[in-house]
1. Tell me which of 122, 138, 195 sits at the most positive position along the dipole axis of the range 108-251, charges placed on C-beta atoms (Lys, Arg +1; Asp, Glu -1).
2. Counting other C-beta atoms within 10 Å, which of 324, 118, 195 has the fewest, and how do the rest follow?
3. I need the calculated FRET efficiency for the pair residue 258 and residue 320, taking r as the beta carbon distance and R₀ as 30 Å, to the nearest 0.05.
4. Would you please give the residues with an amide H less than 5 Å from that of residue 177, counting only those at least 5 places away or on a separate chain, with H modeled from the backbone geometry?
5. If you take every residue apart from residue 101 with its C-beta less than 15 Å away from the C-beta of residue 101, what net charge results, scoring Lys and Arg +1 and Asp and Glu -1?
6. Taking other Cβ within 10 Å of each residue's Cβ, how do 211, 346, 223 sort, fewest first?
7. Tell me which lysines have Cα within less than 18 Å of residue 313's Cα, excluding those fewer than 8 residues away on the same chain?
8. Quick check on the exposure proxy: order 193, 329, 121 from fewest to most C-beta atoms within 10 angstrom.
Amino acid sequence: MRGHIRKQSPNSWGIYIYLGKQIDPKTGKRKNKYKTYTVRGTRKQAETKLTEILDKINKGIFIEPTKITVEEYFTYWLKEHVKPNLSQGTYVWYDFLARKYIIPHWGYAKLSSISAYHIQSPMNEIRRKSFYIADGLYRTMRAAFNRAIQWQFIYKNPMEGVSLSGKNEQKRKYRTLNPEETLRFLKIAKKNSRHYGIYLCALTTGLRRGEILGLRWMDVDMEKKIIYVRQSLRKSGYNPVFDIPKNRRTDKGVAITNILLKEFKLIKEQQDIEKNKAGQYYKDYDLVFAIPGGRPVDPDNLVQRDFKKMLQKAGLPAKEIRFHDLRHSVATLLRALGVDLETISEILRLSSITIAESTYVHPTVEMQRASIEKLEGLLEGVK
């Protein structure tokens, strides 16, 4: 592959890449074909650009620059990839970040030319105001640009060079329950809450809140002691909305314990009583966990009016523990019991073992002590 440079005007240089001889459709004759690019700056900068383009062409990684802007790309990405393939909640979150931050800050830029240099300064400013938003932007933009690479709009993700200052220090903290706290919490909930089954399900399966509240009887196999996560509750009320689960592995079942199976049977008996009592007024969504009239349990009411109260009754720090921490507790408890990361990843339906290790398993003091004791045993000969 050959190319040359020609001066167009002061501080403007034309780069010409020779593509070989091609037939002119108008004349039918063969003629030299070139692809041209313009570089504004010095001749040395133009030469560097020419070398870069030729090197990429020879390596087979060159992607012809597109005129599409970041705004146009994100609009297309949201419509053609996120909306049809990901959950409604994810789409709403990505759409919010795009409209509120990405397009106002970077929408004008050409997708093919945006770099970490353009992204870093505005990201720092957003980070100073809200780490939560900055972290969300970082993850969203990284995912979007990765898709752009697959679609061959760009060849490298500009987010690779972006530093999210303070990311490790500001990492979201999880307050997991240890075995004693888990048992104490469940005993209190069983005695005082209609929603004991929800908490038992969370602490024995690791399902997310929306997945538990969207669980249907048709998705429960009592004989095989397996449940299938096929929908997730997104909105409760008179017109509830159900969504696809965050992880789409709906064909893979989740094993349940005998204690949870027993609780399911008790819940089913109680629901049958409530159905008979309500008659035609019962709104049957086939939900395992429902309010007396059949409608879904409201997620916010569950947490604020019941979950937090049960934590307080159990003597646990209600302000520190979120419902989602129960999912993390399952991973940590299983790891402490010696369950391997691959199995934990399967139970929680995670996309990789790495996520289980880095995000869900939180080493406890007891786990650290057990490891130190092993080290101590190794060093016995020093005494």
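1. Checked the options; the winner is 195.
2. Numbers: 324 14, 118 17, 195 20.
Least to most surrounded, the residues fall as 324, 118, 195.
3. Working: r = 31 Å, r/R0 = 1.04.
The pair residue 258/residue 320 has a calculated efficiency of 0.45.
4. When sequence neighbours closer than 5 places are left aside, the close amide H contacts are 329.
5. On the way: positive: 99, 100, 127, 128, 129, 139, 142; negative: 71, 95, 125, 135.
Residues close to residue 101 contribute a combined charge of +3.
6. Details: 211 25, 346 16, 223 6.
Least crowded to most crowded, the residues run 223, 346, 211.
7. List returned: 187, 190, 191.
8. Values: 193 17, 329 25, 121 10.
Ascending number of Cβ neighbours within 10 Å: 121, 193, 329.
Every number in this text was worked out from the coordinates using simple rules, so none of it is lab data. Computed from a predicted model, the values in this text were never measured in an experiment. Here the Cβ is made from the backbone with ideal geometry for all residues, glycine too, and neighbour counts use every protein chain on show.
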